[in-house]
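One structure is given below, encoded as structure tokens.
Here, each number is a calculation from the coordinates, and none is a lab measurement. Note that this is a predicted model, so its numbers are computed, not measured. Neighbour counts are summed over all protein chains in view; Cβ atoms, including those assigned to glycine, are modelled from backbone coordinates with ideal geometry.
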Amino acid sequence: MTQGRPLLNRRLDGFGTTIFAEMSALAVRTGSINLGQGFPDTDGPEEIREAAVRALREGKGNQYPPGPGVPELRAAISEHQQRFYDLPFDPDTEVLVTAGATEAIAATMLALLEPGDEVIAFEPFYDSYAACIAMAGAKRVPLTLRAPSFRPDLDELRSKITPQTRLLLLNTPHNPTGMVLSAEELNAIAALAVEYDLLVVTDEVYEHLVFEGTHRPITALPGMRERTVSISSAGKTFSFTGWKVGWVTASAELVTAVRSAKQFLTYVSAGPFQYAVAEALRLPDSYYEGLRAELRAKRDLLSGGLAAAGFEVYRPAGTYFITTDIRPLGESDGASFCRSLPQRAGVVAIPNAVFYDHKEAGAPYVRFAFCKRTEVLADAAERLRKAFAH
Ligand code: PMP
Ligand code: GLN
């Protein structure tokens, strides 16, 4: 306390340390298998790692790259949107490179929101959404996704729209539930956005990790191009979460607004990695298909293991997370369950309650990440079976 008031401003009051940092530290301290924070335990393609080394050696990106991102990467992002979704984006005016999707989310919220604006977001929400909405002085309005399908109730969505609603913050495929919005849901959400003249921000970092159904960008729908900010990142698609290369694609007007905030957050980042990610985005279809097939097999392995241990498993259609219900184990509080899990089973997981405003709605759910080596997942499954199956 200085001048009699807390050091942390009231907008960030209560945010504390992220659950990911806390749980990864717990895994290290207890020597447990870390199925908490979502990062792969093997790096992405060797040739992409080499591309980063080459860029460093050749002096590409070792000094400040251009504010919007290096032209090679902006071109590759534009090609990627065309190749996978048939969506044209001008690499010079409609693409912005950011320090991971995290900075893209922060810059977008800071750029588009006034204090008092309302943001409707699916609950459970990825933890940085709440913090970024708060930093912008806006108010989050949760739309709770309920088990077992975790699909949004679209009548409830309509009922949450008020004259203060500025934007809808979507996340598909959805972390932590693995829900992937269907074509019908996207059409209905887009129609609401048009009817009420709302902005839509869509976090699509798991766009290539879809096992059932198809990922569809909402920006492709009628009336959406001029009101949608699409966010993605190289972290999940190429298994280099530490490089922190993300991007925004949107109309030139929206990109200009987001860039206004972004330039004062990091200005720019990750110079040499931007060249490597440009190469990664151009990998052949076989790379993307291989990643999906590998993760699908891992999803099935860990889902089977968790079910055998007695958890209720909500098999995810996308992402690399499985949400479970611990009530069949005779437990009801995910937070205390996750704190005791290292000791009971030598495994770390994430209590979904941290992603809820309505803590009681999230209490019995626990998330496990399956972006780990097969033998690690098999070991974790065996530990959980021994600890819980009778
Ligand atoms: N959005 C979601 C839904 C996430 O799960 C994550 C975590 N990877 C991010 C954004 C942050 O992505 P990045 O690491 O690229 O900042
Ligand atoms: N997105 C990752 C997850 O959900 C964590 C990223 C982070 O630690 N900020 O596990």
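Tabulated values for the structure
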quantity: Distance between the range 375-390 and the range 22-53 - C-alpha centres, whole angstrom; calculated: 20
quantity: Inverse of mean 1/r across different Cα pairs in the range 145-191, Kirkwood, Å; calculated: 11.6
quantity: Exposed-loop-free span, longest in the chain, where chymotrypsin sites (Phe, Trp or Tyr not before Pro) count as exposed if DSSP calls them loop and at most 16 other C-beta atoms lie within 10 Å; calculated: 16-195
quantity: Farthest toward positive dipole pole in the chain [+1 Lys/Arg, -1 Asp/Glu at C-beta], among GLY36, ILE218, LEU110; calculated: GLY36
quantity: Label-to-label distance, nm, for residues given as ALA21 and GLU294 (7 Å Cα→Cβ offset); calculated: 3.0
quantity: Tail weight of P(r) past 12 Å, computed on alpha-carbon pairs of the range 351-390, percent; calculated: 66
quantity: Loop GluC sites (Glu not before Pro), the range 1-106 (other Cβ atoms within 10 Å of the site Cβ: 14 or fewer; DSSP); calculated: GLU58
quantity: Global geometry of the range 200-257, whether rounded, prolate or oblate, following the gyration tensor of its Cα atoms and the 1.5 cut on a/c; calculated: oblate
quantity: In sequence order, calculated HN-Hα J values of the range 134-143 (Karplus, 6.51, -1.76, 1.60; Hz; x Gly/Pro); calculated: 5, 4, 7, x, 8, 10, 8, 10, x, 10
quantity: Using a Förster distance of 51 Å, the FRET efficiency for ASP197-LYS386 (Cβ separation, nearest 0.05); calculated: 0.35
quantity: Hull-based mean projected area of the range 115-228, where the convex hull spans the alpha carbons, in square nanometres; calculated: 6.7
quantity: R0 of 45 Å, Cβ-Cβ distance ARG327-VAL28: FRET efficiency to nearest 0.05; calculated: 0.95
quantity: Residues ASP90 and TYR267, FRET efficiency given R0 of 30 Å [Cβ-Cβ distance, rounded to 0.05]; calculated: 0.85
quantity: Shape category assigned to the range 1-125 from the gyration tensor of Cα positions, a/c cut at 1.5; calculated: oblate
quantity: Compactness of the chain - radius of gyration and Dmax, Cα, Å; calculated: 20.6, 60
quantity: Ellipsoid semi-axes in whole angstrom, largest first, where each is sqrt(5λ) of the Cα gyration tensor of the range 116-158; calculated: 21, 12, 4
quantity: Part-to-part distance (alpha-carbon centres) for the range 86-131 and the range 133-196, which is given in Å; calculated: 14
quantity: Cα centroid separation, the range 287-339 to the range 240-280 (Å); calculated: 32
quantity: Lysine pairs in the chain with Cα atoms under 23 Å, if 8 or more residues apart or on separate chains; calculated: 15
quantity: Listed residues ASP86, ASP43, ASP197, most fluctuating in the chain (Gaussian network, C-alpha, under 10 Å); calculated: ASP86
quantity: Point-charge dipole on Cβ atoms (K/R +1, D/E -1) for the range 89-172, about Cα centre, debye to 20; calculated: 380
quantity: Karplus-derived HN-Hα couplings along the range 55-66 (A = 6.51, B = -1.76, C = 1.60, θ = phi - 60°), whole Hz, x at Gly and Pro; calculated: 4, 4, 5, 7, x, 8, x, 6, 10, 2, x, x
quantity: The range 240-390 - convex hull of the alpha-carbon atoms, volume per residue in Å³; calculated: 166
quantity: Estimated dipole of the chain in Debye, rounded to 20 [Cβ of Lys and Arg +1, of Asp and Glu -1, Cα centre]; calculated: 1040
quantity: The range 261-309: C-alpha gyration tensor shape, a/c 1.5 cut-off, then a/b vs b/c; calculated: oblate
